Amino acid sequence: MDRCIVLVDAGYLLGAAASLLAGEPSRSRITVDHAALIQGLRDRAESDTSQPLLRIYWFDGAPDRVPQPEHRRLRVMPRVTVRLGALTRSDGRWAQKGVDAAMHAELTELARNRACSDIVLVTGDGDLLPGMMAAKEHGVAVHLWAVQAADGDYNQSEDLVAEADERRVLDRAWITKAVRAKDFSGVCAPPPPARPDIAAILSAPLPESAPAAEQAEQEPPHPGGAGHNGTGERSPATKGVPTPKDLAALRGPSAPHPQQPQSATLRWSSDKGWVDRSVTEPADAASLPTLAQLTSAEQRWADREEDITTVGGDPFEVGQVFARRWVDRLGDQSGIQKLSAMYPRIPHRVDGELLRYAARFGLLAHKDDQIDERDRYAIRAGFWRELDLRTGTERAAAAE
């Protein structure tokens, strides 16, 4: 058949693009416009092969082979078929399982059935060499595409390069039409300023329960006593550092220790460093409805459709989309002005819902067993940016 097919190893394509644009192969470092990327692959394939496109096969890994948001967006695009392998974690690193085998099987089956005259492979794995050779034996022209290497060298198997009928390199100019590196410079938390009140906090008197714990520590041990666990070993003693809850109680009107230094303050961490905030949320902010409470069944379906087909998954964009829906459906707009005055703190219920929404796009995932705080700052920054646009608030000076 006089038509072409494109087989894409997403792990190779996006990992190499991340290395080229962000300096490391982590896909979390880039933002991908999948619609533009698919269109670019189609246009380039039809131009290089001089044949119309039949289909693009997108091979990728996913935990338990469950489609992620980007896979759901891709598989509803015309002429795109998604094939998923497993994504497993070993020695602290993620690895794809079954993707190469699936590509090999698809490659040989298409060639054997003479489904096309040209096959474009976007991969660098030498395990596909037998499949490439089999396709050539069935009269199919094999085009091998590479992503420009960050160090100017090859990032593909030399045997694969030698066996290909045609080879092309997707350079930086082509890649940046659909992929860009994330900019964390404006959303990362700067180092917190020096806080002279630390000593005052640590030296502050403890709540009423704390002296009892200290007295228990000073008493000599008695086998089988209340301070023992029954094995002759002393149970861990209560630490003598007040928790934020203890400190809040000390600062209240009924504080048992009014002599506590006034410099011992509670502060909230934000992308602007440490910001003084009240211990409890204002009643009007705590009573603001969540997006789920404001959303009808029809709107929920439309939201899901938009998430799959339109929202790209960039953390800042995700925050803006959530805020836009929430503000549009909030009947009493006076609550937005009250919320704006709370910047940078988002009400607890709304903030939790915002982060759960972001999790649909693969954000907030554990990377090396730690949550990426930069994504959290970017999500919240997008939320505030949308609210500022609605209220006419200008925070540019504060953000610099």
Requested in this report: State whether one or more residues within region 7-29 are crowded, with 19+ Cβ neighbours inside 10 Å, over 24 Å from the mean Cα position of the chain (by Cα) and touching a residue at least 40 places away in the same chain (Cβ under 8 Å).
Outcome: yes
Requested in this report: Please name all residue pairs, on different chains or six or more residues apart, with Cβ atoms under 6 Å, provided the first residue is in region 104-120 and is touching a residue at least 12 places away in the same chain (Cβ under 8 Å) and of a type in the set (D, E, K, R) and the second residue is crowded, with 19+ Cβ neighbours inside 10 Å and assigned to a helix (DSSP H, G or I).
Outcome: Asp118/Thr49
Requested in this report: Examine region 87-108 for a residue that is of a type in the set (Ser, Thr, Tyr), in contact with a strand residue (DSSP E or B) (Cβ under 8 Å, 6 or more places away or on another chain) and outside the structural domain of Arg304 (by TED's automatic domain parsing), and state whether such a residue exists.
Outcome: yes
**Report entry** Residue check, Ile38 assigned to a helix (DSSP H, G or I), more than 11 Å from Val179 (Cα to Cα) and either in contact (Cβ under 8 Å) with a residue 40 or more places away in the chain or not assigned by TED's automatic domain parsing to the domain that holds Trp145 (or both)
**Finding:** yes
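Out of curiosity, is Val99 within 19 Å of Leu54 (Cβ to Cβ) and among the β-branched types (Val, Ile, Thr)? Give the steps one after another, and end with the answer.
Values: within 19 Å of Leu54 (Cβ to Cβ): no; among the β-branched types (Val, Ile, Thr): yes.
Criteria not met by Val99.
When only residues in region 164-183 that are outside any strand (DSSP E or B) and touching a strand residue (DSSP E or B) at 6+ places or on another chain (Cβ under 8 Å) count, which is modelled with the lowest pLDDT?
The first filter runs over region 164-183 and keeps only residues outside any strand (DSSP E or B), leaving 164-165, 171-178, 182-183.
When the remaining residues are screened for being touching a strand residue (DSSP E or B) at 6+ places or on another chain (Cβ under 8 Å), the result is 164-165, 175, 178, 182.
Numbers: Ala164: 94, Asp165: 95, Ile175: 95, Ala178: 94, Lys182: 84.
Per the criteria, the residue is Lys182.
Please verify whether Asp303 is over 30 Å from Val66 (Cα atoms) and at pLDDT 85 or above, treating the condition exactly as stated. Break it down stepwise before answering.
On the way: over 30 Å from Val66 (Cα atoms): no; at pLDDT 85 or above: yes.
Here the answer is no, as Asp303 does not meet what is asked.
The values are calculated or read from the model by the stated rules, or taken from the named source; none is laboratory data. As the structure is a computational prediction, the values presented were derived from the model and not from experiment. Methodologically, a virtual Cβ is constructed for each residue, glycine included, from the backbone with ideal geometry; neighbour enumeration extends over all protein chains shown.
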